[in-house]
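Contents: one structure, followed by commentary.
The values are calculated or read from the model by the stated rules, or taken from the named source; none is laboratory data. Keep in mind that what you see is a predicted model, and the values were worked out from it rather than measured. Here the Cβ positions follow ideal geometry from the backbone for every residue, glycine too, while neighbour counts run over all protein chains shown. Surface accessibility is based on the protein's heavy atoms, side chains included, excluding ligands, DNA and RNA. Shrake-Rupley method; radii C 1.70, N 1.55, O 1.52, S 1.80 Å.
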Amino acid sequence: MTEPNDTTRASRRKFLMGAAGFFSAGATTRSAFADNAKNLPPNVAAWTRNLGGGVGTRPYGTPSKYEKEVVRRTVPWLTATPESSVAFTPLHELDGIITPNGLCFERHHGGIAEIDPNDYRLMLHGLVDKPLIFTLEDLKRLPGVNRIYFLECAANSGMEWRGAQLNGCQYTHGMLHCVQYTGVALRLLLEQAGVKPNATWIMAEGGDAAAMNRSIPMSKALDDCIVAYRMNGEMLRPEQGYPVRLVVPGWEGNVWVKWLRRIKVGDQPWYTREETAKYTDLLENGKARKFTFEMDAKSIITSPSPQAPLRQEGFTIISGLAWSGRGKISRVDVSLDGGRNWRSARIDGPVLDKACVRFYSEFEWNGEELLLQSRAMDDTGYVQPSKDALRKIRGVNSIYHNNGIQTWALKVSGELENVEVG
Ligand code: MTE
Ligand code: CO
């Protein structure tokens, strides 16, 4: 660790103190930087002197205008067209485990289909006794389930295989969301249709312009998959597959087919484009892993992080998310020195199967340079690996399934950078 010299220390202190000149114990960084003294104690603020807007001015509520930076963001050079692209969840701006619907990352291969719910149909056919077609109302009339699950795109952190690349957890880890789904167990629909004894796979297909389709083993289809029409209580957003998407808990986001129009039952996988040319992992020996459905345990420090720098020395809270496609998160560790020493983080909020958990770790920041890391463990005993350990078994040709430990270098200025430790 390098010792900060006097000049950098002084300039940081200036940066940390901001215009208000001091921080009171509970002040957030934003209010501490407020520059209109007329609104500050002992004055009576503008919003207290006048009546506020009436009810009904915003029939569908939206966030405060002061939160306008809390949005999904794209990386313009990453994809050729907006119809086949991704906008990332602003993880650094969120807390708890639930992603607000309007901030869930969106990933489309053929744009957002705008489906009229009256014209929506789900077709169930193939190796079944009785092919069925469901309307949206048919699905809603069936006994429903409510489940909280994370969805992570297999390509999340995919840009980081060959070294630190994107500066911010929104971009390195923001192909992740966690919401409560309401829908029908896929098992129920398959039972209604009557699956033939030799049926071992299903194929789920979307009604979007990409007609994206994936093969899924029957065992998973009968286990915990949901044909979902609601997220966080309201109907799915168009970006998330309105009116119906497939929920495939713990498995790579690609198989969570949106705008679900068809489920075909068969006795072997279909080897579609998305499970051959894409969503396979080319190893060093020239062989490719295929059908790598499960998302391995992973975690990320969301704050502090490059988009959420530290503005103050002293008591500091590290906050982040951990998740595993194999079950429950059992422990999260945090390191301040690039993985030499670890301490157990505090998990607060629900610890659910195949859902995000929120962890915190407090420390005293004395203005020194640190290397922040987090490491997730799940109830199968799996421990999130370092990036180097992962490269040893997977090489660097992969795009998908990079669950290596992320490092943020905390600088004397309070800013952070995406780095790798050797
Ligand atoms: N389903 C259809 N029909 N079309 C798509 O382009 N994209 C897939 C999957 N389901 C896709 C789809 C991919 S790659 C991911 S990661 C998730 O949807 C993204 O879900 P989200 O947009 O709700 O975040
Ligand atoms: Co994806």
Whether any residue in the stretch 238-250 is touching a strand residue (DSSP E or B) at 6+ places or on another chain (Cβ under 9 Å) and within 30 Å of GLU417 (Cα to Cα) is what I want to check. yes
Restricting the search to the stretch 367-386, which residues are within 17 Å of GLY250 (Cβ to Cβ) and open to solvent by less than 40 Å² (accessible area, probe 1.4 Å)? ALA376, MET377, ASP378, GLN384
With the stretch 326-422 as the region, which strands (runs of 3 or more DSSP E) entirely inside it contain at least 3 residues that are within 17 Å of the chain's Cα centre (by Cα)? 357-365, 370-378
Out of ALA164, ALA185, ALA155, sole residue that is open to solvent by 10 Å² or more (accessible area, probe 1.4 Å), under 28 Å from PHE105 (Cα atoms) and within 16 Å of ligand 2 (Cβ to nearest atom): ALA155
Quick count over the stretch 33-91, residues being of a type in the set (A, V, I, L, M, F, W, C) and either under 30 Å from GLY110 (Cα atoms) or outside any loop (DSSP other than H, G, I, E, B) (or both), is 13
Filtered residues of the stretch 311-339 (kept if free of Cβ contacts under 8 Å to residues at least 60 places away in the same chain, of a type in the set (Asp, Glu) and either touching a His at 6+ places or on another chain (Cβ under 9 Å) or open to solvent by 10 Å² or more (accessible area, probe 1.4 Å) (or both)): ASP337
Answer residue from the stretch 81-111, given it is of a type outside the set (Lys, Arg), near ligand 1 (Cβ under 9 Å from one of its atoms) and open to solvent by 20 Å² or more (accessible area, probe 1.4 Å) and is farthest from GLN170 (Cα to Cα) among those: GLY110
Can you find, within the stretch 262-303, the residue that is most open to solvent (accessible area, probe 1.4 Å) among those that are under 17 Å from ASN402 (Cα atoms) and among the small types (Gly, Ala, Ser)? ALA288
Check LEU78 against each of (1) away from ligand 2 (no atom under 16 Å from the Cβ); (2) hydrophobic (A, V, I, L, M, F, W, C); (3) open to solvent by 20 Å² or more (accessible area, probe 1.4 Å); (4) more than 20 Å from LEU236 (Cβ to Cβ) and name the one condition it does not meet. (1)
Just to be sure, is TRP270 of a type in the set (Phe, Trp, Tyr) and under 16 Å from the mean Cα position of the chain (by Cα)? no
Going by the conditions given, is LEU176 farther than 28 Å from ARG72 by Cβ and either surrounded by 15 or more Cβ atoms within 10 Å (Cβ to Cβ) or not hydrophobic (A, V, I, L, M, F, W, C) (or both)? no
Of all residues in the stretch 326-365, which are at positive phi and among the polar types (S, T, N, Q)? none
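Per-residue answers, yes or no, for (1) under 30 Å from ARG391 (Cα atoms); (2) crowded, with 17+ Cβ neighbours inside 10 Å; (3) within 16 Å of ligand 2 (Cβ to nearest atom):
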residue	(1), (2), (3)
THR135	no, no, no
LEU139	no, yes, no
GLU160	yes, yes, yes
TYR181	no, yes, no
VAL195	no, yes, no
ALA204	no, yes, yes
LYS220	yes, yes, no
MET231	no, yes, no
LEU236	no, yes, no
Restricting to the stretch 346-360, name every residue that is open to solvent by 10 Å² or more (accessible area, probe 1.4 Å) and under 16 Å from ASP379 (Cα atoms). ILE347, PRO350, VAL351, LEU352, ASP353, LYS354
Taking the stretch 251-261 and keeping residues more than 10 Å from ligand 1 (Cβ to nearest atom) and surrounded by fewer than 24 Cβ atoms within 10 Å (Cβ to Cβ) leaves none
Of all residues in the stretch 95-110 being more than 15 Å from ligand 2 (Cβ to nearest atom) and assigned to a loop (DSSP other than H, G, I, E, B), the one that is nearest to ASN146 (Cα to Cα): ILE98
Say whether the condition of being out of contact with any Phe, Trp or Tyr (no Cβ under 9 Å at 6 or more places or on another chain) and either farther than 17 Å from PHE150 by Cβ or among the hydroxyl-bearing types (Ser, Thr, Tyr) (or both) is met by at least one residue in the stretch 226-236. yes
Selected residue [part of a helix (DSSP H, G or I) and either more than 13 Å from ligand 1 (Cβ to nearest atom) or in contact with a strand residue (DSSP E or B) (Cβ under 9 Å, 6 or more places away or on another chain) (or both)] from ASN156, ASN146, ASN198, ASN118: ASN118
Taking MET295 and the conditions (1) more than 15 Å from ligand 2 (Cβ to nearest atom); (2) under 26 Å from the mean Cα position of the chain (by Cα); (3) among the hydrophobic types (A, V, I, L, M, F, W, C), which numbered condition does it fall short on, given that it satisfies the others? (1)
